[in-house]
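The block underneath contains the structure these notes are about, expressed in structure tokens.
What follows draws every value from the coordinates through simple rules; no lab data is involved. Quick caveat, the model's predicted, so the values are computed rather than measured. Virtual Cβ from ideal backbone geometry, glycine too; neighbours counted across all protein chains shown.
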Amino acid sequence: MSSSVMKVVIVGGGSAGWMTAVALASLLSKKQVEVVVVESPDVASVGVGEATIPEIKLFNDLVGIDEIDFVINCQATYKLGIEFTNWGQKGHSYMHAFGSLGTPLDNLPFYQYWQRLYLEEQNLDLNDFSVCAQAARQNRFMPPTLGKNTPLSQLRYAYHFDAGLYSDFLKRISLERGVSLIKQHVVGVDCDIQSGDISHLRLKDGQCVSGDLFIDCTGMNALLIGKALSVKYIDWRSLLPCDSAVTVASSVLSDLPPYTRSTAHCSGWQWQIPLRHRTGNGHVYCSQFIDDVYAQQILLSHVEGECISSPKLIKFTTGRREKFWYKNCVAIGLSSGFLEPLESTSIHMIQESIFRLLDLFPAKDETGLYQHRIEREKYNQLLANKFESIRDFIIMHYFANSRKDSPFWSYCQQLPIPESLKEKIMLYQSSSRIYRDSHDLFSEEGWISVMHGQGIKAKNCHPIAKNRSISVVKKQLLSIKSVIDKTVSYMPKHKDFLQRRIE
Ligand SMILES: Cc1cc2nc3c(=O)[nH]c(=O)nc-3n(C[C@H](O)[C@H](O)[C@H](O)COP(=O)(O)OP(=O)(O)OC[C@H]3O[C@@H](n4cnc5c(N)ncnc54)[C@H](O)[C@@H]3O)c2cc1C
């Protein structure tokens, strides 16, 4: 092996470990990197992480995964968004659907015209103007078409999949592409006294594994970044107070809805994730307001169908690592932080970490050493911004609620929300304007869907929209809605579409 080859040692074989391994092995050559994964036979992966956002398709495409292989191997279904029930108010539902809302008019986003009409006619449903929301409600699915200006070209989708099967699938591909696997528990991490860099790992069987760059994918254990390198964890529980989840699998849903369900309960919320071989369920809650036993009872009493596994309890701390790349160690996955699963963003953060690492991948300098100080700083700044923008989006769901029926929801109404979020909400309230920062993950349509769904009201719309006669706006909106209705009525049922794809 030539000395110009960088040895990357990934510790951990959950989604983070294998996504990183497959990406490095697929996008860099063996002349550039040697990739080794050390996976413990003694510690199980967290075993959840089954709902995603549309960017996952980019990851799978980039590493050359065929969609049908993926759907078959990971028992995947398609996802068009998330339905939130009892969030803004008890008994109320809305959809945060992917894709666009309506079509822009006069160079103004569609939602400005929608707001114009909404200010006059409050019974207008924003979801009527989303092809993804409409298809989801009718359990229909088909992929987007290429033609411009048709509602179908604006459809975006993600997947639900079995997290364990996804890791196994990526592991098989990684091994085929030259990644080496050491199935051993890491018992010690040794650092170079002068540089403070990790020099090698000590394994349970006595082996030592050295490397140039170490990727900490050990989940919440954070064995390298936290335990060995003592990088602090910034605790965000004061902003995102849920700290526990109880999960259970249930039988397959007969209609296989192409969306995730998120139903708020008295002190948290419950997910329902439809897969082809089972349904994932979990109750995320705040242990300050409810005990584990009652939380489990709530979960089990709301599961649709028959439970097919024992309930599993998971404790977590929302927050992020102060630095994600420190010395020669990069934390990816749960070791880098966790924002709770409400908007299915953790697997995306793995993908984001991998892409940024590839953007800033270190090279050797003239002395033969890998220099990465400046790359590290940039990486840490980009990832911190991303974590914070997603955090704000999730906080908004909790903060903007009008529920009066439980101490937890009243507590959430008092959350000390970050200035960045406060500003976004105020701008929307004032004139329906949404401004995204460059690191915002969610689209304007995503922000408006959740703001409106949670009951945040805008007082006004853009002057250009206001300048249009209400009857013209109404006519245009009705015409958009009718095109969407017609398009959706031609789409196959999700279940039938899936069946045909995998046959
Ligand atoms: C309740 C809950 C719900 C979630 N839902 C979603 C969701 O819907 N969508 C989403 O995108 N994300 C979700 N996530 C997050 C998602 O589960 C994780 O981002 C993803 O699974 C990655 O986990 P990981 O690989 O970092 O850690 P893990 O899966 O925990 O893997 C850790 C790995 O490290 C190994 N390891 C640990 N210690 C050692 C050691 N000493 N030596 C060697 N190996 C070691 C373990 O064997 C394991 O292979 C959820 C998380 C939680 C807690």
- Message: Condition first: within 30 Å of Glu343 (Cβ to Cβ), surrounded by fewer than 16 Cβ atoms within 10 Å (Cβ to Cβ) and hydroxyl-bearing (Ser, Thr, Tyr). Now tell me which residues in the stretch 433-469 satisfy that.
- Response: Tyr435, Ser438
- What about Gly455, is it on the phi > 0 side of the Ramachandran plot and under 31 Å from the mean Cα position of the chain (by Cα)? yes
- Query: How many residues are assigned to a helix (DSSP H, G or I) and polar (S, T, N, Q) when one looks only at the stretch 102-155?
  - Reply: 6
- Message: I'd like the residue in the stretch 383-421 that is charged (D, E, K, R) and farther than 18 Å from Tyr435 by Cα and, out of all such residues, is surrounded by the most Cβ atoms within 10 Å (Cβ to Cβ).
- Response: Arg403
- Please find, within the stretch 242-280, the residue that is surrounded by the most Cβ atoms within 10 Å (Cβ to Cβ) out of those that are free of Cβ contacts under 8 Å to residues at least 40 places away in the same chain and touching a Ser or Thr at 6+ places or on another chain (Cβ under 6 Å). Thr279
- Note on the structure: Considering only helices (runs of 4 or more DSSP H) wholly within the stretch 353-456, the ones with at least 1 residues that are within 22 Å of Leu334 (Cα to Cα) and without any contact (Cβ under 8 Å) to a residue 12 or more places away in the chain are 373-399
- Task: Output the residue which, of all residues in the stretch 85-108 that are more than 16 Å from the chain's Cα centre (by Cα) and under 19 Å from Ile395 (Cβ atoms), is surrounded by the fewest Cβ atoms within 10 Å (Cβ to Cβ).
- Result: Gln89
- Message: Being of a type in the set (Gly, Ala, Ser), in contact (Cβ under 8 Å) with a residue 12 or more places away in the chain, away from the ligand (no atom under 11 Å from the Cβ) and out of contact with any helix residue (DSSP H, G or I) (no Cβ under 6 Å at 6 or more places or on another chain) is true for just one of Ser45, Ser26, Ser40. Which residue is that?
- Response: Ser26
- Message: Suppose we filter the stretch 470-503 for residues that are surrounded by fewer than 19 Cβ atoms within 10 Å (Cβ to Cβ) and closer than 28 Å to Tyr435 by Cβ; how many remain?
- Response: 5
- Give me a count of the residues in the stretch 168-191 that are under 12 Å from Ser26 (Cα atoms) and in contact with a His (Cβ under 9 Å, 6 or more places away or on another chain). 0
- Note on the structure: Here, strands (runs of 3 or more DSSP E) confined to the stretch 269-339 with at least 1 residues that are among the basic types (Lys, Arg) are 312-315, 319-321
- Item | Test for Leu170: is it of a type in the set (A, V, I, L, M) and in a helix (DSSP H, G or I) | yes
